[in-house]
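A short write-up of the structure that comes next.
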């Protein structure tokens, strides 16, 4: 990663030279870019003249204070009070905002539904959005998801469901069918654990 880091530092130096030369600059308020749907493969970077934080979300981020690497594989996770397991930040990451001053990552969990749904309903009524949904990747939040499905008119939900994790079939999927709520399967391969378990098995004749 030394070559990309050197390129980043070189670009930062070139920008500094432009500023020193008095090149007209855009107002900082206009130099903001926001992504409402951050994808797992999206590259994230924030850098100065001798420090940088960058990487792909699914692989974790690297932090450098040239020439030293401070962090590698950095990830964000959350743990609710009293919970035994963590919530992966990538599962609840909803927005990334870039500006000259900072890179802001916005996370939204099921605990924020009560505050968000009324706003989303207004947006839907105004034609700004078409669908309203809620997502989770944790079995421990299924009871909370059911409550959300009872309380709000959702168009779709996303829950963790695979042949190794059928918990959603007990109550969530039947209720979604009753309410005609669309369902997306989250983690259908269980963080690829199912693929690893089947890696040394031969395909059956009908699939070969």
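The values are calculated or read from the model by the stated rules, or taken from the named source; none is laboratory data. Source: prediction; values computed, not measured. Neighbour counts run over all protein chains shown; Cβ positions are idealised from the backbone, glycine included.
Would you list the helices (runs of 4 or more DSSP H) that sit entirely within the stretch 90-208 and hold 2 or more residues that are at pLDDT below 90? Lay out the reasoning, then the answer.
Numbers: elements: 113-125, 142-151, 172-179, 193-197.
Those helices (runs of 4 or more DSSP H) span 113-125, 142-151, 193-197.
Being in contact with a helix residue (DSSP H, G or I) (Cβ under 6 Å, 6 or more places away or on another chain) and either under 26 Å from residue 89 (Cα atoms) or free of Cβ contacts under 8 Å to residues at least 40 places away in the same chain (or both) narrows it down to one residue among 185, 199, 134, 192; which is it?
Details: 185 fails: in contact with a helix residue (DSSP H, G or I) (Cβ under 6 Å, 6 or more places away or on another chain); 199 fails: in contact with a helix residue (DSSP H, G or I) (Cβ under 6 Å, 6 or more places away or on another chain); 192 fails: in contact with a helix residue (DSSP H, G or I) (Cβ under 6 Å, 6 or more places away or on another chain).
Exactly one residue qualifies, and that residue is 134.
How about the stretch 187-197: which of its residues are exposed (fewer than 11 other Cβ atoms within 10 Å of the Cβ) and on the phi < 0 side of the Ramachandran plot? The answer is 195, and nothing else. The set of residues in the stretch 176-186 that are surrounded by fewer than 11 Cβ atoms within 10 Å (Cβ to Cβ) and in contact with a strand residue (DSSP E or B) (Cβ under 9 Å, 6 or more places away or on another chain) contains only 177.
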